[in-house]
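The values are calculated or read from the model by the stated rules, or taken from the named source; none is laboratory data. This structure is a prediction, so every number in the text was calculated from the model and none was measured. Cβ placement follows ideal geometry from the backbone for every residue including glycine, while neighbour counts extend to all protein chains displayed.
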């Protein structure tokens, strides 16, 4: 099942901001049982946020963004079902014509992502939750006192020794079949090795391109960043909803430099290809904390919107990027206004740019599996999937009846 990013930006009607903020606060206070939008009951939503954003040219607007499973039409139908107060929420926005027009309204204001990254592609909300539940059940089973006594010597080891001693000799045809399977596995390993080598070569080329496109405008001007004055109250507001060990989020709305739009599109095209096809699951440039990320060029090319969901703290997240993907960062954001002249190497200015100058707060933030990190998802899949792939349910049922 495909994971898709969603980005919708809708103008807010004049004089409606205060009322809309009240509705969003009610949603955030109880994501499952509020009177407007019960997103916590969704079976398709990985992450979702609602945020009021503003800029001098467009005024106040409502941002809806996140990641979901399946076709957009089906997902929007689910959102309608989960919204007893759909009209009470979206009537604050220009152009909304009622529940029956929600699909058209959202798609009319949706933006395509020029680049996106999914840590574990093809995993639905349901599969992530199910694997986690199975792994927890297995842990509970193995934690039982009698199981612990049994798996310890002299419980399980003699049983395994007896089982291995019962192997039957192979016939000539069975031996030939095993030989052919081993030969095929060797061919597959060689082919996979060639594919990995090609991936590494392409990644090396892209990193060289990123180094050229991401070269800082003035790399020696570290510590001479000229951005907005630090707003400590705003930073405190951004810090409040974040947790150190759970999943956090951020979104940035940046102004594209004049004459840099084409260059930005090329960079995002390369990043989109690399993110989808070159990196192993759960690792973007060896960063293992990112669930989802996407970049959308909005407002006719004037702005770049970046949305991401990640594990751990903001400082650790940006620290990982500056340590392992500084060329990629620079190649994107040196195309927007206000980026440090020395690039991400100027770590203090870099964090100030993201945190103080660019990051926007969300009024509503939902995460389907808040305590499950990217590493957890990969671990659960490694534990559960071999069992699922190796079991034939009819044969298992027949075996159990013989006990």
Checking the conditions here, which among 329, 269 is in contact with a helix residue (DSSP H, G or I) (Cβ under 7 Å, 6 or more places away or on another chain) and closer than 17 Å to residue 116 by Cα?
329
Checking residue 366 against (1) in contact with a strand residue (DSSP E or B) (Cβ under 8 Å, 6 or more places away or on another chain); (2) assigned to a helix (DSSP H, G or I): exactly one of these is not met. Which one?
(2)
Scan of region 332-341 for residues that are over 16 Å from residue 266 (Cβ atoms) and out of contact with any helix residue (DSSP H, G or I) (no Cβ under 7 Å at 6 or more places or on another chain), ordered by number
337, 341
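Could you please give the count of residues in region 94-122 that are over 25 Å from the mean Cα position of the chain (by Cα), touching a residue at least 12 places away in the same chain (Cβ under 8 Å) and either surrounded by 18 or more Cβ atoms within 10 Å (Cβ to Cβ) or in a helix (DSSP H, G or I) (or both)?
4
For region 125-185, which helices (runs of 4 or more DSSP H) that fit wholly inside it have 1 or more residues that are at pLDDT 70 or above?
In region 125-185, 125-142, 156-165 are the helices (runs of 4 or more DSSP H) which contain 1 or more residues that are at pLDDT 70 or above.
With 20, 60, 31, 48 as the choices, which residue is in contact with a helix residue (DSSP H, G or I) (Cβ under 9 Å, 6 or more places away or on another chain) and either free of Cβ contacts under 8 Å to residues at least 24 places away in the same chain or part of a helix (DSSP H, G or I) (or both)?
Just one listed residue meets the conditions, 20.
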